[in-house]
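The values are calculated or read from the model by the stated rules, or taken from the named source; none is laboratory data. This is a predicted model, so every value here is computed, not measured. Every residue, glycine among them, receives a Cβ derived from its backbone with ideal geometry; neighbour counts consider all protein chains shown. SASA here: full protein model, heavy atoms, side chains in, ligands and nucleic acids out. Shrake-Rupley method; radii C 1.70, N 1.55, O 1.52, S 1.80 Å.
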Amino acid sequence: MLSKLSAMFRYFNSAVPFRLVPALIATAVLFVLLALPCPAGLDPKAWALVAIFLTTIVAIILKVMPIGVMALMAIVIVALSQVTSNSSKGAITDALSSFASPLIWLIVVAVLISRGLKKTGLGSRVGLIFIAMLGKRTIGIGYGLTVCELVLAPFTPSNTARGGGIVHPIMKSIANAFDSDPAKGTEGKVGTYLALVNYHANPITSAMFLTATAPNPLVVDFVAKASHQSFHLSWTTWALCMLLPGLVCLLLMPLVIYLLSPPQLKATPDAVQYARGELDRMGPLAPKEKVMLGTFGLLLVLWANVPAMIVGPAWTLDPTVVAFLGLFVLIITGTLDWDDVLSEKSAWDTLIWFGALVMLAEQLNKLGVIGWAALAMKDAIVASGMGWLPVATVLLLAFVFSHYLFASTTAHISAMLFAFLSVGAQLLPPPYLVPFLLLMTAGSAIMMTLTHYATGTSPIIFGSGYVTMGNWWRVGFVMCVLELLVFAVVGGAWWKLLGYW
């Protein structure tokens, strides 16, 4: 009997299109969570949505099926269970709501635009130039990508456009030049390392400049309100306060990732000569390469809001509008054709899975789960009677690591930052309030290191296939802790020197 059951299990496991044991675990998680009593202060539907969200994350981590299928599962369950609405029509409207988000489409279009770099050969050319300059060692190329990100950051208000739309295609081109390609199973040669560096430079630079990511002006507003207008972060103040700890993080990051996820090719002594030879063979820029280069120049100018700076705020363009303009230019010039757009599977896969996770996070906020969690944290801290230093530490860590529940930094900051800053302002001695506010400001960007859905840049780089989910989360956690320590220790000393406490 036991042998027959075992044989049936093996047959069923081989016949179904999902991994049976992980599927059973994810299902058990869902039913256990639903069976638990609804916490006080939460609506039963809100608790059911929490269960759906956590089950989706467990299913993705356990790789029950491809991530897009797990996201589709979440959409179906939300629609069928009607946890967000009292009608089926309202529930499916909520379940599909995020697909109208400009952020989602910015990610998709950025991936489509990057295809032009490969098709025209411009990406290979840029990659070869980097290799010719820094290619003696893989870590040197990592620092090159980091410098590229740093130079662009003050002028690119969309971190997704910067890290995913500009730097990532260059990173892919460099990896391809070394024949490091997930499709060939050779991503570990240099691609995994460079993809991680490409990504982790993005949150650091986002923390360094007010204009480096979209939600930073919201942070400025919350800091001013929490301090009763006694501390205001101008562009210059922000840049000065974050300069030294940010540079230390950028200096350490490629080296730490080199230790955590080392490339198979560490020394590449022949790479420089090879790159120069290939550049000579390619000759001057081809016409379509020039179109691609011009399009990227146009995107950078518009993403940096240069027309608005010169002519006035009426010329400010949303980053997604700029991305669609760039894609349209590439199509009407013949640089890309419609088949290129249709065949870019990673873009459409990202649309589904990232859109579903954004939807879940938005609905958690809409149903009051995030506000409930923030209030519970505040009450627990007040009741604990902790000293000011433990209070500051708990607030910082709780805010940063609660980003596991979010697929958008803007949503997270909008939902929780002011509450945490206000608690800190009430409980911390006045002389230590400013360094706490600065640490929370840095944390609002550093939290993007944690997951493959943490911000718009992450699904673009994760979707390229160079980094496994386990490696992404492992490196992300370590880098998050390290960067928080750098900002606390180096930043604290720097802010003391600047006279902020």
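Taking all protein chains as present, what is the carbon and sulfur share of the accessible area of the chain, in % to the nearest whole number, probe 1.4 Å?
Carbon plus sulfur share of accessible area: 71 percent.
Calculated FRET efficiency, V321 and S3, Cβ-Cβ r, R0 51 Å, to nearest 0.05?
Plugging the Cβ-Cβ distance into 1/(1 + (r/R0)^6) gives 0.20.
Give the value in nm², to one decimal: projected area of the alpha carbon convex hull of segment 1-156, averaged over all directions.
Answer in nm², one decimal: 17.1.
What is the packing order of peptides 233-241, 149-157, taking the mean over residues of other C-beta atoms within 10 Å and listing the highest first?
Ranking, from highest mean packing down: 149-157, 233-241.
Taking Cα centroids, how far is segment 30-109 from segment 152-203 in Å?
If we compute the Cα centre of each part, the gap is 30 Å.
Cα centroid distance between segment 393-454 and segment 259-291, in Å?
The distance from the Cα centre of segment 393-454 to that of segment 259-291 comes to 41 Å.
Per residue, how much accessible area does the chain have with a 1.4 Å probe, in Å²?
About 42 Å² of surface per residue is accessible.
Enumerate the amide H contacts of R137 below 5 Å, restricted to partners 5 or more residues apart or on another chain; note that Pro and chain-start residues carry no placed amide H.
For R137, the qualifying residues are T268.
Starting from the Cα of L375, step 7 Å toward the Cβ, then list every residue of segment 421-445 with an amide N under 18 Å from that point.
Output list for this probe position: 421-424.
So which lysines can K119 reach, going by Cα to Cα under 23 Å and dropping same-chain residues fewer than 8 places off?
Here the lysines satisfying the reach criterion relative to K119 are K172, K184, K189, K288, K290, K345.
Helices from the chain with mean Kyte-Doolittle at least 0.0 and a Cα length along the axis of 30 Å or more, per DSSP H: which?
235-260, 345-366, 469-497
Just one of [x] 72, 52, 39; [y] 75, 57, 48; [z] 75, 69, 46 is Cα extents along the principal axes in Å as worked out from the coordinates here. Which one is it?
For Cα extents along the principal axes in Å, the calculated option is [z].
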